[in-house]
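Notes follow the structure.
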Amino acid sequence: MQHQKVLVLDFGGQYNQLIARRVRDMNVYCDLKPCEMTVGEIKKYDPIGIIFTGGPNSVYEKNAPHIDKTVLSLGIPVLGICYGCQLIAQTLGGSVGHAAASEYGKKELFLVGDSPLFEGVEKRSVCWMSHTDRVEALPEGFSTLASTETCENAVYGNAEKKIYGVQFHPEVVHSVYGNTILRNFLYNVCGAKGDWTMKNFVGESIARLRERIGDRKVLCAMSGGVDSAVAATLVYKAVGKQLTCVFVDHGLHRKDEPEEVMRVFRDGLGMNLIKADAGELFLEALRGVTDPEQKRKIIGKLFIDVFEKEAKKIGAVDFLVQGTIYPDVIESGKGKSAVIKSHHNVGGLPDVVDFKEIVEPLRDLFKDEVRRVGTELGLSDGIVWRQPCPGPALAIRIMGEVTAEKLATLRDTDAIFREEIARAGLEKEIWQYFAVITDSKTVGVQGDFRTYENVIALRAVTSVDAMTADWARIPYDVLERVSNRITGEVKHANRVVYDITSKPPATIEWE
Ligand code: XMP
């Protein structure tokens, strides 16, 4: 692609993806790459600037990651953040030491020098610190640009070399001028033009897809989720009816979802979209099954079987579309973590489809960028801001056996919760919100009658990447309305509870 690129070298800090997302938000493309990248690889990548991220190590530890000094003499602007800031100082002959006390949290930052980094930054402001080591002596030619009470070299740099270090975390919202400083680095120091926009991305992607696919055939599994919807729409805009999409209706979707998918993509956009009706098959396979892992396995396998059957009808294709996004690509580079839940995605499909190549049009995008591309492509907020929904969908939100009756109760309950969240304008603030049917029944009184019905749990979390999450502080009056409506409008529900557990220790889903 023809846009400028910034390289974010990953030294293992917890905010690293956030740095990359902030840079992209400023309309500058960047990639997060392992810090082991060689000078040759960096030159080949040809970035307009490099950012060294934070990391958990001390630069003077034996096995701490380092960089080749040459990287700092390529003439490419560099910004080091936290560990990256200390690394620059150490590499160029300054010194890093252990501070008497760690600095953690909000600190007052005061500017002591002029710098292109500080355009629009107040002399005194709040920044977010999280460090124990600090830069004690600067390398020759560098000067202190800003300090905090306990950290003299909170920002330092050399304007001629275009190399800067910031001890605090500009990417974190608590650093009031963090975004301004990052933007200034990109635009004032690296000469960014701001050529990474979703409009450009859409135009370039469609052109590239058209060129790559030519007049050949493409197949895509639509799940109804944002990623596959946007991926399919991009490919559809590029090659139209050469694309066939298959939507497996496993009968476990949320209320009206299958109808909406068909209405928007087949009837509205005119896509070649096939719906495989397999609701009965899935219910049958899940009969009597109560173990969450077993449910997931059964659904995952059956999904692939149903898809395979449809794919066989279509015959050989040249390409299979996958909705892989950038965080999947970054994470796959790291060591394997323990399997907490066997996630069922479309990962198993390549084995059952007769195809030659995989197309991943969203491989370079973060989730928020995927959403913006969706909007750019004309998809409605309803599709673009759709909740992440697990592959096994409502089956893992019904504790115990999945039955048609419980599915109906959950669909109605979940729809009310979603409606009320939307009405309160909280849709974009809350990462994910849904209802669960617990396997407890309790006594209630509805009208003049004693009831013995299901306990419904509401789950709503805020999160950045679903790896960790906090329970959402939904206003009481919204919760009250949801509860009243559920117990008043839905059959077989007489009690509503709200889940106030973060992740960890709980997971987002209940199974
Ligand atoms: P947990 O429950 O593990 O979920 O905290 C983290 C995120 O992943 C979603 N999730 C799934 N997504 N297939 C998926 O594609 C699955 O089997 C699956 N299980 C959980 C969950 O909704 C949350 O967003």
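Worth a mention:
- Among residues that are in contact with a Phe, Trp or Tyr (Cβ under 8 Å, 6 or more places away or on another chain) and not hydrophobic (A, V, I, L, M, F, W, C), Thr462 is included.
- Cross-chain or 6+ apart pairs with Cβ under 8 Å, the range 263-291 first and closer than 12 Å to Asp249 by Cα, then among the acidic types (Asp, Glu): Ile274/Glu310; Lys275/Asp249; Ala276/Asp249; Ala276/Glu310; Asp277/Asp249; Ala278/Asp249; Gly279/Asp249
- Of all residues in the range 428-447 being β-branched (Val, Ile, Thr) and outside any loop (DSSP other than H, G, I, E, B), the one that is farthest from the chain's Cα centre (by Cα): Val445
- Filtered residues of the range 373-427 (kept if in a loop (DSSP other than H, G, I, E, B) and within 16 Å of the ligand (Cβ to nearest atom)): Trp385, Arg386, Gln387, Pro388, Cys389, Pro390, Gly391, Pro392, Arg397, Met399, Val402, Glu427
- All positions within the range 337-372 that are within 16 Å of the ligand (Cβ to nearest atom), basic (Lys, Arg) and either modelled with pLDDT of 70 or more or more than 20 Å from the chain's Cα centre (by Cα) (or both): Lys367, Arg371
- Selection status of Glu152, touching a Gly at 6+ places or on another chain (Cβ under 9 Å), without any contact (Cβ under 8 Å) to a residue 40 or more places away in the chain and under 30 Å from Asn16 (Cβ atoms): no
- Qualifying residue in the range 452-472 (condition: within 21 Å of the chain's Cα centre (by Cα), under 25 Å from Val402 (Cα atoms), small (Gly, Ala, Ser) and not in a loop (DSSP other than H, G, I, E, B)): yes
- The residues in the range 461-501 that are among the small types (Gly, Ala, Ser) and without any contact (Cβ under 8 Å) to a residue 40 or more places away in the chain can be counted, and the count is 3.
- Residues that are surrounded by fewer than 20 Cβ atoms within 10 Å (Cβ to Cβ), on the phi > 0 side of the Ramachandran plot and under 24 Å from the mean Cα position of the chain (by Cα) are absent from the range 74-88 altogether.
- Given (1) touching a Lys or Arg at 6+ places or on another chain (Cβ under 8 Å); (2) aromatic (Phe, Trp, Tyr); (3) within 15 Å of the ligand (Cβ to nearest atom), index of the condition Tyr452 fails: (3)
- The condition of being assigned to a loop (DSSP other than H, G, I, E, B), of a type outside the set (Val, Ile, Thr), surrounded by 22 or more Cβ atoms within 10 Å (Cβ to Cβ) and in contact (Cβ under 8 Å) with a residue 24 or more places away in the chain does not hold for Phe201.
- As a summary of the residue check, Arg485 satisfies the conditions (1) closer than 19 Å to Arg418 by Cβ; (2) basic (Lys, Arg); (3) within 11 Å of the ligand (Cβ to nearest atom) except for the one numbered (3).
- Test: Phe434 is away from the ligand (no atom under 16 Å from the Cβ) and of a type in the set (Phe, Trp, Tyr): no
- Unique match (being modelled with pLDDT of 95 or more, under 24 Å from the mean Cα position of the chain (by Cα) and at negative phi) among Leu234, Leu243, Leu219: Leu234
- Ala415 falls short on exactly one of the conditions (1) under 23 Å from the mean Cα position of the chain (by Cα); (2) more than 18 Å from Asp439 (Cα to Cα), and that condition is (1).
- Count of the range 153-172 residues, restricted to those that are at pLDDT 95 or above and acidic (Asp, Glu), is 1.
- Scan of the range 296-314 for residues that are within 16 Å of the ligand (Cβ to nearest atom), more than 15 Å from Ala278 (Cα to Cα) and surrounded by fewer than 20 Cβ atoms within 10 Å (Cβ to Cβ), ordered by number: Lys297
- The set of residues in the range 160-172 that are assigned to a loop (DSSP other than H, G, I, E, B) and touching a residue at least 24 places away in the same chain (Cβ under 8 Å) comprises Lys161, Lys162, Gln167, Phe168, His169, Pro170, Glu171, Val172.
- Among the conditions (1) of a type in the set (A, V, I, L, M, F, W, C); (2) assigned to a loop (DSSP other than H, G, I, E, B); (3) under 29 Å from the mean Cα position of the chain (by Cα), the only one that Cys151 does not satisfy is (3).
- Residue among Leu410, Leu377, Leu365 that is under 30 Å from Val321 (Cα atoms) and either without any contact (Cβ under 8 Å) to a residue 40 or more places away in the chain or surrounded by 22 or more Cβ atoms within 10 Å (Cβ to Cβ) (or both): Leu365
The values are calculated or read from the model by the stated rules, or taken from the named source; none is laboratory data. Quick caveat, the model's predicted, so the values are computed rather than measured. In this analysis, Cβ positions are derived from the backbone assuming ideal geometry, glycine residues included, and neighbour counts consider all displayed protein chains.
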